[in-house]
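Undergrad: Mind looking over this structure? Questions follow.
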Amino acid sequence: MVLFWRRFGKMAWLVGVDFCHPMLEESQRRARRLGIEQQVRFLRGDVTNLSVLRAKNFHVATLGFGLRNVSDVRGTLSEARRILQPGGVLVILDLTWPKNVVVRSLILFYLRWILPLLAWLGKGGREDYLWLRRSLTDFPRADRLVQLMKEVGFEDVQVKSFGLGGVAVHVGRRPQG
């Protein structure tokens, strides 16, 4: 959100959607601290059903490390397409499994053994860290997410990987027609 505000300034009208009330409250506090609360609206809602938003109303829709957490990836992609204007762009940033088997094995080892150990040592919530591994295991690989985006009607879908292939940005455009 902040990146869009910095890029487009007062021309931008931003909407944040989350089902978690404490997350919305924190987002509102951040917007107030930045002095952009007049340009941002936060709505409680579910990204798998964005009925709180009008169809064909947005130029850009983004999901940052959130698509991995939804129960219906295809439904979420369809809703993103529905709210975008023709030519609108969807940008998804999330974790993914690297193609390189060595890097993938190292990440799996880290998630399976090191991260839970660190959580235990820090007396943190071990379940939260196990959930991270499960969410990544169940999430579509980068190439499958490209395919899903195309299946729900996005075009010009591209993916770029970062962090040794463990993070991916997917970008797709709603067709003009």
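The values are calculated or read from the model by the stated rules, or taken from the named source; none is laboratory data. Everything numeric in this text was worked out from a predicted model, so none of it was measured. When we count neighbours, we look across all protein chains shown, and the Cβ atoms used for this are built from the backbone with ideal geometry, even at glycine.
Undergrad: On the basis of being in contact (Cβ under 8 Å) with a residue 40 or more places away in the chain, surrounded by fewer than 17 Cβ atoms within 10 Å (Cβ to Cβ), in the same structural domain as S78 (by TED's automatic domain parsing) and in contact with a Leu (Cβ under 7 Å, 6 or more places away or on another chain), does V167 make the cut?
TA: For V167, the condition - in contact (Cβ under 8 Å) with a residue 40 or more places away in the chain, surrounded by fewer than 17 Cβ atoms within 10 Å (Cβ to Cβ), in the same structural domain as S78 (by TED's automatic domain parsing) and in contact with a Leu (Cβ under 7 Å, 6 or more places away or on another chain) - is met.
Undergrad: Scan the stretch 63-109 for residues that are at pLDDT 95 or above and of a type in the set (S, T, Y) and report the count.
TA: Residues that pass the stated criteria total 2.
Undergrad: Quick one: would you say F58 is in contact (Cβ under 8 Å) with a residue 40 or more places away in the chain, among the aromatic types (F, W, Y), surrounded by 12 or more Cβ atoms within 10 Å (Cβ to Cβ) and under 22 Å from F162 (Cβ atoms)?
TA: The answer is no for F58.
Undergrad: Determine which member of the set R82, R133, R74 is touching a residue at least 40 places away in the same chain (Cβ under 8 Å) and either of a type in the set (S, T, N, Q) or surrounded by 13 or more Cβ atoms within 10 Å (Cβ to Cβ) (or both).
TA: R74
Undergrad: Inspect all residues belonging to the stretch 43-50 and state whether any of them is more than 18 Å from V157 (Cβ to Cβ), polar (S, T, N, Q), out of contact with any helix residue (DSSP H, G or I) (no Cβ under 8 Å at 6 or more places or on another chain) and surrounded by fewer than 20 Cβ atoms within 10 Å (Cβ to Cβ).
TA: The answer is no; no qualifying residue exists.
Undergrad: State all residues of the stretch 57-104 that are polar (S, T, N, Q) and more than 19 Å from S135 (Cβ to Cβ); if no residue qualifies, say none.
TA: Within the stretch 57-104, N57, S78, Q85, N100 meet the criteria.
Undergrad: I'm trying to understand the selection: among the residues of the stretch 26-56, which are part of a helix (DSSP H, G or I) and either closer than 30 Å to R74 by Cβ or in contact with a strand residue (DSSP E or B) (Cβ under 6 Å, 6 or more places away or on another chain) (or both)?
TA: Result: E26, S27, Q28, A31.
Undergrad: One residue is enough: does the stretch 97-114 have a residue meeting the conditions more than 18 Å from the chain's Cα centre (by Cα), among the polar types (S, T, N, Q) and assigned to a helix (DSSP H, G or I)?
TA: yes
Undergrad: Next up: Please indicate, with yes or no, whether at least one residue in the stretch 111-121 is in contact (Cβ under 8 Å) with a residue 24 or more places away in the chain and farther than 19 Å from L63 by Cα.
TA: Yes: the stretch 111-121 contains one or more residues that are in contact (Cβ under 8 Å) with a residue 24 or more places away in the chain and farther than 19 Å from L63 by Cα.
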